[in-house]
Every structure is written in structure tokens, then in C-alpha cells.
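> Please see the structure below; I have some questions.
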Amino acid sequence: MDIEVLGKTMWLHGIRGTVRGLNQWTQTTTQTTSGSAVHTGGGHYVINAPQVNTNTTRHQTFWVVAPSGREHQVSGNYPLRDGHEVSVVWGGLKGASASGHFICQNLTTGNGWKSTAGLPGTISLHGMRKLTLQYVLLIILCLTIGGISGSVNHSSKLSAYATAGFDVLIVAGFFHLLVLIQRNRQTALATIERAVRDNPAFTQSLSA
């Protein structure tokens, strides 16, 4: 099924069936910082002991086997067991390979999850060029005002405000971009979920 998401054409496919071959494991990484001794004078030292940081990541893969025998492997940390019935939808940009799965539903327990990890970068970054251009123009304006004011009067408050505005715009632009990405992802997932829900033929095809 093809759908329109934020001005881009995406294809969707999926499967509905039984969980088989559930495989779980953890991966642990350890980082150690070097200790140090700082001489503070008079024969005294401040000792900083080495620090050990441990991070454990949980992994899970499973196969979904449809009644027709079609099967698909999925990676994702979802509360599942072998024998549960699930529905998974994945896709990508039109003409490109799959970028990941978007929807996973455990039909046995009634739980469902949506994943933004599989969304194509062009979807997540939709509108970034326009946003960047707006901030670049504002930054240029601040620098221009600051330069003109500074050349006329080195103590000009306007010049100081323009310089401060430059720093504020850099930080604001970064956070604005994060908000834009989050909003795009939420919009895209809502569009995908609605397209699947409103197309009974597609839902039925998942079991084929």
C-alpha cells in the first residue's frame, strides 16, 4: 500500500501471525576512567580514584509466521512470548528498501507499540531547510546590526543586544530543530496508523 506522508510517498507492508523463535540477550559495555593524583602543596595530594561505568543493552529478535507460511524477522524489545499472535507493519520511501517497522501489536495481550526508529530521515527532517534558512537570515541580520552599531559607537547597546541575539538564535535554532523532528515523527506515525486502520483490505492482506 502506498500512502502520502508529509509530501513524500511511502510504501507499507506487513505481516500478521504467530511469534516463533523468540531470542533475547543482553550486551554489556564497560568504560573505565584513569585515576589521578593532584599535588596541593605541603606534601598533600588529592586522589581521584578510577571510575567504572557499565551500560547494559537488551536485545530481542523473533519471527512472525503467517497462516500462509510467510515469515518475517523482527528486532524490537517488546513483551512477547512464543505462540503470541502479533501484527507488524513496516515500510520505506517509494522506490527504496524498508527503513524499519513502524507498528507492532500483540494481539494476544492487546498491547501495541509505535516506533519512530524506522522512519526515513527525509520524513523526520521535513521542513528543516526552510527552518535553517529562517535562522540563517535572522543571524545575518543580528550580525549586520551589531557590525553597523559597533562601527558607529563601540558602546552602543544595540550592538550588544545584536551580539547576544546571535548566541540566543544559535541555541533556539537547535532546540527548534529537535521540536520539528519530534513533531514530524508524531505526524508520520499518526498518518501511517490511520492509513492502516482505514484500509480493511490491507489489514486482511497481512495474514496472507
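The values are calculated or read from the model by the stated rules, or taken from the named source; none is laboratory data. These numbers come from a predicted model, not from an experiment. Using ideal geometry, Cβ is built from the backbone for each residue, glycine included, and neighbour counts are taken over all protein chains shown.
> List the pairs whose first member sits in the range 43-72 and is under 30 Å from Asn106 (Cβ atoms), whose second member is assigned to a loop (DSSP other than H, G, I, E, B), and whose Cβ atoms are under 6 Å apart, counting only residues at least 6 apart or on separate chains?
Pairs found: Arg58/Asn77; Gln60/Asn77; Ala66/Ser207; Pro67/Ser207; Ser68/Ala208.
> Let me ask something else. Look through Glu71, Glu4 and report the one residue that is among the acidic types (Asp, Glu) and over 22 Å from the mean Cα position of the chain (by Cα).
None of the other options fit; the residue is Glu71.
> Moving on. Examine the range 36-51 for a residue that is modelled with pLDDT under 90, within 28 Å of the chain's Cα centre (by Cα) and surrounded by 10 or more Cβ atoms within 10 Å (Cβ to Cβ), and state whether such a residue exists.
No, because not a single residue in the range 36-51 is modelled with pLDDT under 90, within 28 Å of the chain's Cα centre (by Cα) and surrounded by 10 or more Cβ atoms within 10 Å (Cβ to Cβ).
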